């Protein structure tokens, strides 16, 4: 139970840190969404764009390519070519939700898919019910603050 609470708290902290907003810079009316988009810095070219899938309890506890047991509640993913341990920002192109995950396994095996996400990652990105979703992958180059909870 404590492990699930800790994982949930880590997910919330990840989402909050990715979606933190600043106050408007001018007094008066609030900035509109279109102003934020128009004034935003141009995005860099994505590492990869394509279809993601997720895997869950069937693989729970089985060894991953990194040697660690698969935990469906961790924010992890399987990618066929990225080095194990690489941090990747995965953005759901349907709803804009994004989360940073660690590559700890190989896959996907199904042709046409670019990444397999853990159950919890799919839940955070809000597409576990669909099973598949179009995503953008960006390799995280700069070290970022990551909340780590120890039981």
query = Which ones in the range 42-61 are over 17 Å from the mean Cα position of the chain (by Cα) and surrounded by 10 or more Cβ atoms within 10 Å (Cβ to Cβ)?
reply = 59, 60
query = Does residue 65 qualify as being at pLDDT 50 or above and under 11 Å from residue 121 (Cβ atoms)?
reply = no
request  = From (1) surrounded by 14 or more Cβ atoms within 10 Å (Cβ to Cβ); (2) more than 16 Å from the chain's Cα centre (by Cα); (3) at pLDDT below 85, pick out the condition that doesn't hold for residue 128.
outcome  = (2)
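The values are calculated or read from the model by the stated rules, or taken from the named source; none is laboratory data. All of these numbers come straight from a predicted model, not from anything done at the bench. As a convention, Cβ positions derive from the backbone with ideal geometry for all residues, glycine included, and neighbour counts pool all protein chains shown.
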